[in-house]
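The values are calculated or read from the model by the stated rules, or taken from the named source; none is laboratory data. Given the structure is predicted, the values throughout are model-derived calculations rather than measurements. Counting neighbours? That spans all protein chains shown, and the Cβs are built from the backbone with ideal geometry, glycine included. In case anyone asks, the SASA skips ligands and DNA or RNA and just uses the protein heavy atoms, side chains included. Shrake-Rupley method; radii C 1.70, N 1.55, O 1.52, S 1.80 Å.
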Amino acid sequence: MEREEVLFGVLGPVTAENQGGSIALKGPRHRAVLARLIVARRRVVPVARLVADLWADSPPPGAVGAVQTFVAALRRALEPDRPPRAPARLLVTEGPGYALRAAPDGVDAWRFETAVGEAAELAPARALPRLDEALELWRGPAYADFAHEEWVRGERARLAELRLRSVERRADAQLALGLAAEAVPDLDAHLADHPWREDAWRLLALALYRTDRQGDALAVLRRARSTLVEQLGVDPGPGLRRLEADILAQDPALGAAAGQAGRAGQAGPTETAARLWTRAAEAYDRTVAAGARARLETTVGLLRDLAVTGGGGLTAAREHRMAAVAAAEEFGDPVLTGRVIGAFDVPAIWTRGDDPELARQIVAAAERTLAALPPPEVSGVSGLVSRTYDADGTYDAVRCRLLATVAVETRGSHSSRGPQAARQAEAIARRLDDPALLAFALNGAFMQSFTRAGLAPRRAEIGAELVALGARHGLVTYEVLGRLISLQAYGALGDFRSADAHATAADRLAARHELPLVGVFTRWYGALRLAASGDLAGAGAAYEAAAADLPDAGMPGLTHGLLPLALLSLHLADGPRVPAQGAIDPAADWGPYRPWITPLAPLAALAAADRPAARTALRALPDPPRDLLYEACCCLEATAALELGDRAVLTRVHERLLPASAELAGAGSGLLTLGPVSRYLTAITAALRE
């Protein structure tokens, strides 16, 4: 039998209803039990907890039995058609207590939160009706009939604050759409009940100014000042003070709402932003001394923001980064230097550096700074920091950022220092419980997760944690990084459904937050998907199109050699077989992958087939870099060794590839694939048996 849907209301008095209308909930204790279970959000509430909450002062001797009676009555009311002795499906018994398994949209408060969260991700024109729907759900104060109960106090306060912010977000959306006059009465009423909300005062004054009521706008700001000073003893914050100055100066930027600009031909958002930037930069120049340390740290923050724009911004950030570090070292303060080095926490997704010499210099500076910091007390287990001398965690945080920097900048190296630094940074960040530090440390852990083949599952874990951290704490660039890492990891595991979902989410975040580099990776992933599905012709065209973006991306570590390698991978789609003549152009820009092409090139030349040269080149191959294309390079090596019958190389490559037997070679890059690793292992095993 299909369960009849029950809808619960807590945004006002507690109610329940089904298709037949309102459900009678009997007395206040019955409603209290129901409300307490809704507060728990589908989790189990032990009977002992229910007793303590319902009878806070002194539970009667029969309290447990009374709770059981209340639950039984609620079950009869909520599921009247449930057969005798049949288990309840809505208010269930589980372990030591009870849980209300309401549908995700079965409680008005939950629907309200969902709508508000969705509105935050929408443009004003779409956010406004969504916020209207959310606010219409309120019938009064949340859990109105239990206003004085301690067990609901925190939830009532949380929902009330979310409602107040939603009213202000709605007004903000109205202003953005040029609906200033419509926003005024609602903001007036809002402030009558909540006169301490500075953002509401700001919005009301701005709405009045945009309806040509400059005097009223200034009067509102004076009233806000009077209210805050006389009743709370605090001055208005910078937002209100700045708005008052701008109104007095009749700053044109105040009239630049999106809707007004479109209809009245005033300055658009681009001009407004440019004007704001100029004014802020001039003010900073006037007020912050030229040699101040704050200037240096602000400069590094700008370089970090510049880097995520890609292209010329990324190149310029690299050019100035070491100069900023050198300037910091001149102060002789290792904490300042550590902050400057560690502030460049630009999420890194590609495991081959763009500027190896700069990376070497950065690592050297980080190691010097680590040595200059007061030494931490070190545990005997894995060399992890157990505690430092600083009580407020300053040294810990600086040390964590320096170690994460070392881990990121030693990517692709065979050195043990990178993995060690990554472990230490992650341990410190987890102990400090700092989301931003942990995100940076996890980036380092990702960069050092290529010590051997077959670590895609570990990278999937890192990606998932970064996505969760980023979404929960507003770390957008790290949420994007987590999406791209997940895309790569699931691609390696052949789970393209999951990889597709992460690619879509990454593109959506990139569009919303202006992160153009993301599209470089997702477009290449689109070509990989075509190749993996067997559409080799379509994949070739897609690779050519995606490669057109690379010169402007500002990432030479990604660019060099990638297109010819991707096109070559299409010739190996069916397994380890030396490509036909013409598939390998020795004169092409093979970049860092040339050593693995050198043994194949003479074998692919139909006329020459210079096997001695191929064998010499094969034996001279270095260990593949520990990066996203480690397995791909191993498979290229295996292809040449299979053709030449080189048992020593085959044995070595088989050992390297075996941990990745369930993966797609190269697909962990999110860019290309040479097919299942298992095909290469099978061919190697057969060759070694001959």
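Contact order, relative form, for region 477-532: 30 percent (alpha carbon pairs under 8 Å, 6 or more residues apart, mean separation divided by residue count).
Given the -39500 (n - 2.57) contribution per DSSP H run of 4+ residues, what per-residue ellipticity at 222 nm results for the chain, rounded to the nearest 500 deg cm²/dmol?
Mean residue ellipticity at 222 nm (helix-derived): -19500 deg cm²/dmol.
Here's how it looks for ALA16: its modeled amide H is under 5 Å from those of GLY9, ILE23, which are all 5 or more places away or on a different chain.
Tell me, rounded to the nearest percent, the portion of alpha carbon pairs in region 531-616 spaced more than 23 Å apart. Here the tail beyond 23 Å accounts for 27 percent of pairs. When you restrict to C-alpha pairs under 8 Å that are six or more residues apart and normalise by the size of region 406-459, the relative contact order lands at 41 percent. Taking only protein heavy atoms and a 1.4 Å probe, the accessible area of the chain is 54% carbon and sulfur. The protection proxy used here, the mean number of other Cβ atoms lying within 10 Å of each residue, ranks peptides 670-679, 535-544 as follows, highest first: 670-679, 535-544.
When you count, for each residue, the other Cβ atoms within 10 Å and take the mean per peptide, how do 154-161, 112-119, 398-405, 180-187 rank with the highest first?
Most protected by this proxy first, the peptides run 398-405, 180-187, 112-119, 154-161.
Look at the dipole of region 458-568 built from charges on Cβ: of HIS560, LEU515, GLY494, the Cα furthest out on the positive end belongs to GLY494.
For the chain, the longest principal axis of the alpha carbon atoms and the long axis of helix 356-372 meet at an angle near 60°.
Provide the FRET efficiency to the nearest 0.05 for the ALA56-GLU182 pair, computing r from the beta carbons and using R0 = 51 Å. Calculated transfer efficiency: 0.65.
Tell me the relative contact order for the chain as a rounded percent, counting alpha carbon contacts under 8 Å between residues six or more apart.
The normalised contact order for the chain reaches 8 percent.
Once the Cβ-Cβ distance of VAL92 and ARG304 is raised to the sixth power relative to R0 = 56 Å, the FRET efficiency obtained is 0.65.
A Cβ-based charge dipole, computed about the Cα centre of region 20-96 with Lys and Arg at +1 and Asp and Glu at -1, lands at about 200 debye. Here the dipole of the chain is about 1380 debye; that uses its Cα centre as origin and unit charges on the Cβ of Lys and Arg (positive) and Asp and Glu (negative).
Shown in residue order for region 650-658 are the 3J(HN,Hα) couplings computed by the Karplus curve 6.51 cos²θ - 1.76 cosθ + 1.60 at θ = phi - 60°: 4, 4, 5, 5, 4, 5, 5, 7, 3 Hz (x for Gly and Pro). Surface analysis of the chain yields an accessible area of 45 Å² per residue, using protein heavy atoms and a 1.4 Å probe.
With R₀ fixed at 22 Å, the C-beta to C-beta distance from ASN18 to ASP105 puts the FRET efficiency at about 0.90. Output the 0 to 90 degree angle, nearest 10, between the alpha-carbon long axis of helix 108-120 and the longest principal axis computed from the alpha carbons of the chain. Between the helix axis and the principal axis of the chain, the angle is about 50 degrees. As a size descriptor, the averaged projected area of the C-alpha convex hull of the chain was calculated at 41.2 nm². Sorted into 10 angstrom bins from 0, the C-alpha pair distances of region 96-200 split as 13, 40, 33, 11, 3, 0 percent.
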